[in-house]
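A short write-up of the structure that comes next.
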Amino acid sequence: MSQDLFDAMRQSIIDGDPEQAAALVQQAIAQGLDPLVALNQGFVPGVNYVGEQFAQGEMFLPELVVAGEAMKAAVAVLEPEFAKRGTERQILGKVVIGTIEGDIHEIGKTLVATMLSASGFQVYDLGVDVPVMTFVEKAREVNADIIAISALLTTTMVRQKDVIEALQDSNVSAKVMVGGAPVTQGWAQEIGAHGYSEDAVGAVAVAKRLMGLA
Amino acid sequence: MAGILKAVANPKLSLNLFTPEEVQRIHQATLEVIETVGVRFPSRRAQEIWAAHGAHVDAKTGIVKAPAHLIEAALKQAPAMYTLAARDATQDLPLDGKHVWVGTDGCGVEIIDLYSGERRRSRLQDVEEIARVADALEQVAFHWVALSAQDKPAHTRGLHEIAAVWRNSTKHVQTESIYNESEAKAAVEMATVLVGSREALRQRPVLSLMQCTAPPLGHDAGSLDAALIGAQAGLPVGFMTMSACLTTGPATLAGNLVVGNAEVISATALIQLAYPGAPVFYAAAQTASDLRTGAYTGGGPEDFLFGAAGGVLADFYNIPISMGSFATGAKEPNWQAGLENTFSTFMASIVVSDMLLGVGFLHGSRIWSYEQMLMDCEIYEIVRRVLAGIEVNSETLALQAIREVGPGGNFLKHKHTRAHMREIFVPEYLDRRPYNVWEEKKDGPRDWARQKARHLLETHQPDPLDPAIVREFERIIAAQER
């Protein structure tokens, strides 16, 4: 009985179907299933499958993104249930992410947020054109492990450094990762960022490394 | 000074990419998108202009929905042809639909150092040196700012960059790295100093401005404001879409063209509403994102088709185009770079894209390579010659020579051969040597390109800029820096 439900949950992730994923959570709750069991035996295998298929070149980025969206939908319905039962899903870490002030480029940043979220990070997406101090304040508020800062312009990229300095001044100890088309490993090193990735899939690996998980 | 600039001129070869009905469908779909979905114009000034002309402006989202007739009427105001002026008037570039002019690509952030071979961050000196080498090359007709002067403050960097190019070259400058109002004003001031007066600048625009759109269906406020400043001064301005299948555009090529076209023509219409008759150009560098990484690819069949499609659309709107070609995704000058840059340049050139960007980059326009720059010039030279086609007339049919040589002879000694042999292409960067010569030296095109670049950098003396003008540039930049 439960196995059919788990299979359907796994499939909803593979199909990238957020409505179906959310509906299956409701069904599981109605049946009195432990939400943690639903997560770990239903949805996580779906995410793992998609990740493996992607790594083998059998599935592509758009499929990865919709799987991430489905996972997000499932978690959104599961979260209140965890709270009710006083349990928590295991998260890999808390990430505050945004595109830096003066820069409205969104897609790369959102892609990274989706990938991180699908991989088990708790992600706080501040959007675009985010002031330096907003990163710092949000990181303090949620006790973030990682701050991820995107920039697509050479002129806004320089403000990634301002965030790192502001974090130091404010004694916020979150690790910083940077990205965006003009950003390079060299720039990341120069400004004292802890991590850099050129693409969204690589960003997950970097975030895991920063959490000491890989 | 370089010799006569080399352009693709009146190519004999042609391409039938779309039927007229297909172009019309793309156009109609674009108008529908602009009217019903809208395009985001986050600049207050742009919103005011749209509102004054009856477009629907959502003040909260900045999304503008403009009726088809407004867009079409505005686009009709744009001049079909004009000339990009150069410091040296013999290097002026007529954008007349008959020529393809190549520029340096931009705006990257790293460079393969010409001497150490190391990859490092770019600085102002690189902008100067690339401009100087480009000044010496006959295939390079104008400049983009190749690299970001990252050792200069962000808010005046664009000004340092154009000053650096002008100090080192007499050719036209099209900057793609000035995208806010105050820097654009200072750039106009600098261009004015160069030609003497605001009126002279209108007649001889030595500077043009290229702004990127923010796909899908958006613009950046600073870019819009900067373009309006440029257009007010009579500088040619263009909006470049880099919408990419899968990410910032639909997966289908036609759909991605609609998204990019909506961005470009809506912004172009805005300029015409503000300054009717202002010189504008279409600009595009569309591609398909990589299926695995989502990254900008800078090559592949979709990229090559987009390279020609933009030109067809710009012709439909009867305005010049600045088209992204070259820009390989390769990490070093290699097989991939040769393949991608040849194909993209061929496709953009056969539809006579007026301006082609540009030579010199690796890794999707991020890393400058002098070797790639010179090899790109050779690619362009080959494309240029292919597009010229085969001339057929009594002299080229060579019947007299054939008669005189007859069966079993050879043409080496015939005077017809000497009269025409210099029309045959002589490569600089193709290895046609005997095998044993290569085996002994094990060198190749990259080495020769590097040597040539070093030679040009060390020996080429551009016509110096009047020191009084240089001082004025410095004053304008200093005022901006305060």
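The values are calculated or read from the model by the stated rules, or taken from the named source; none is laboratory data. Please read these numbers as outputs of a predicted model, since none were measured by experiment. Using ideal geometry, Cβ is built from the backbone for each residue, glycine included, and neighbour counts are taken over all protein chains shown.
Might you let me know whether segment B:125-138 holds any residue that is buried (at least 18 other Cβ atoms within 10 Å of the Cβ) and in a strand (DSSP E or B)?
Narrowing segment B:125-138 to residues buried (at least 18 other Cβ atoms within 10 Å of the Cβ): B:126-137.
Filter once more, so that each one left must be in a strand (DSSP E or B): none.
No: zero hits.
Residue under question is A:Val96, and the condition is that it be within 12 Å of chain B (Cβ to nearest Cβ), modelled with pLDDT of 90 or more, surrounded by 20 or more Cβ atoms within 10 Å (Cβ to Cβ) and out of contact with any Pro (no Cβ under 6 Å at 6 or more places or on another chain); does it hold?
So A:Val96 fails the test.
Select from segment B:333-369 the residues that are at pLDDT below 95 and assigned to a loop (DSSP other than H, G, I, E, B) and list them in ascending order.
Correct list: B:His363, B:Gly364, B:Ser365, B:Arg366.
Regarding segment B:317-328, can at least one residue be identified that is hydroxyl-bearing (Ser, Thr, Tyr), within 14 Å of chain A (Cβ to nearest Cβ) and within 14 Å of B:Cys212 (Cβ to Cβ)?
For segment B:317-328, residues hydroxyl-bearing (Ser, Thr, Tyr), within 14 Å of chain A (Cβ to nearest Cβ) and within 14 Å of B:Cys212 (Cβ to Cβ): absent.
Give me the pairs: first residue in segment A:29-49 and touching a residue at least 60 places away in the same chain (Cβ under 8 Å), second residue crowded, with 19+ Cβ neighbours inside 10 Å and aliphatic (A, V, I, L, M), beta-carbon distance under 7 Å, and six or more apart or on different chains, which are they?
Short answer, once both residue conditions are applied: A:Val47/A:Ile13; A:Val47/A:Ala67; A:Val47/A:Met71; A:Val47/A:Ala118.
Return the residues of segment B:250-281 that are surrounded by fewer than 22 Cβ atoms within 10 Å (Cβ to Cβ) and either among the hydroxyl-bearing types (Ser, Thr, Tyr) or not in a helix (DSSP H, G or I) (or both); say none if nothing qualifies.
Within segment B:250-281, B:Pro250, B:Ala251, B:Thr252, B:Tyr275, B:Pro276, B:Gly277 qualify.
Of the residues B:Ser177, B:Ser208, only one is touching a residue at least 24 places away in the same chain (Cβ under 8 Å), in contact with a Cys (Cβ under 7 Å, 6 or more places away or on another chain) and among the polar types (S, T, N, Q); which?
Numbers: B:Ser208 fails: in contact with a Cys (Cβ under 7 Å, 6 or more places away or on another chain).
Answer to the check: B:Ser177.
So, in segment B:154-175, exactly how many residues are modelled with pLDDT of 95 or more and either under 26 Å from A:Lys161 (Cα atoms) or touching a strand residue (DSSP E or B) at 6+ places or on another chain (Cβ under 8 Å) (or both)?
15
Can you tell me which residue within segment A:15-69, out of those that are more than 14 Å from every other protein chain (Cβ to nearest Cβ) and among the aromatic types (Phe, Trp, Tyr), is surrounded by the most Cβ atoms within 10 Å (Cβ to Cβ)?
Looking at the filtered set, the residue picked out is A:Phe43.
Sort out which residues of segment B:150-176 are under 13 Å from B:Cys107 (Cβ atoms), within 16 Å of the chain's Cα centre (by Cα) and among the charged types (D, E, K, R), and write them in order of number.
Scanning segment B:150-176 gives a single hit, B:Glu176.
Residues checked against (1) over 18 Å from A:Ile14 (Cα atoms); (2) part of a loop (DSSP other than H, G, I, E, B):
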site: A:Pro62; (1), (2): no, no
site: A:Val65; (1), (2): no, no
site: A:Leu78; (1), (2): yes, no
site: A:Lys84; (1), (2): yes, no
site: A:Ile91; (1), (2): yes, yes
site: A:Val96; (1), (2): yes, no
site: A:Thr99; (1), (2): yes, no
site: A:His105; (1), (2): yes, yes
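Return the residues of segment B:55-81 that are in contact (Cβ under 8 Å) with a residue 24 or more places away in the chain, under 14 Å from B:Gln272 (Cβ atoms) and touching a Leu at 6+ places or on another chain (Cβ under 7 Å); say none if nothing qualifies.
Matches in segment B:55-81: B:Ile71, B:Ala74.
How many of the residues in segment B:282-296 are within 12 Å of another protein chain (Cβ to nearest Cβ), assigned to a loop (DSSP other than H, G, I, E, B) and either in contact with a Leu (Cβ under 9 Å, 6 or more places away or on another chain) or within 24 Å of B:Gly238 (Cβ to Cβ) (or both)?
Qualifying residue count for the region: 7.
Based on what the data block shows, is B:Met242 more than 14 Å from chain A (Cβ to nearest Cβ) and touching a residue at least 40 places away in the same chain (Cβ under 8 Å)? Write out each step before concluding.
Details: more than 14 Å from chain A (Cβ to nearest Cβ): no; touching a residue at least 40 places away in the same chain (Cβ under 8 Å): yes.
No; evaluated as a whole, the condition is false for this residue.
Just one of B:Ala73, B:Ala59 is more than 25 Å from the chain's Cα centre (by Cα), surrounded by fewer than 19 Cβ atoms within 10 Å (Cβ to Cβ), assigned to a helix (DSSP H, G or I) and away from chain A (no Cβ under 14 Å); which is it?
Going through B:Ala73, B:Ala59 in turn, the sole match is B:Ala73.
Are any residues in segment A:127-147 touching a His at 6+ places or on another chain (Cβ under 9 Å) and either assigned to a helix (DSSP H, G or I) or more than 14 Å from chain B (Cβ to nearest Cβ) (or both), and if so, which ones? So that I can check it myself, show each step before the final result.
Looking only at segment A:127-147, we keep the residues that are touching a His at 6+ places or on another chain (Cβ under 9 Å), and these are A:128, A:146.
Across segment A:127-147, the qualifying residue is only A:Ile146.
What are the residues in segment B:374-428 that are within 25 Å of B:Ala134 (Cα to Cα), part of a helix (DSSP H, G or I) and aliphatic (A, V, I, L, M), if any? Steps first, please.
Of all residues in segment B:374-428, those within 25 Å of B:Ala134 (Cα to Cα) come to B:374-388, B:422-428.
Retained after the next criterion (residues that are part of a helix (DSSP H, G or I)): B:374-387, B:422-423.
Scanning segment B:374-428 gives B:Leu374, B:Met375, B:Ile379, B:Ile382, B:Val383, B:Val386, B:Leu387.
A:Ser150: within 14 Å of chain B (Cβ to nearest Cβ) and either buried (at least 24 other Cβ atoms within 10 Å of the Cβ) or within 16 Å of A:Gly93 (Cβ to Cβ) (or both), yes or no?
Yes; evaluated as a whole, the condition is true for this residue.
Take the residues in segment B:106-137 that are within 11 Å of another protein chain (Cβ to nearest Cβ) and touching a residue at least 12 places away in the same chain (Cβ under 8 Å), then tell me which one is farthest from B:Ser322 (Cα to Cα).
As a first pass, look at segment B:106-137 and keep what is within 11 Å of another protein chain (Cβ to nearest Cβ): B:106-110, B:118-122.
So of that shortlist, the ones also touching a residue at least 12 places away in the same chain (Cβ under 8 Å) come out as B:106-110, B:119, B:121-122.
Numbers: B:Gly106: 13, B:Cys107: 15, B:Gly108: 18, B:Val109: 21, B:Glu110: 23, B:Arg119: 29, B:Arg121: 27, B:Ser122: 24 Å.
Ranking the candidates gives B:Arg119 first.
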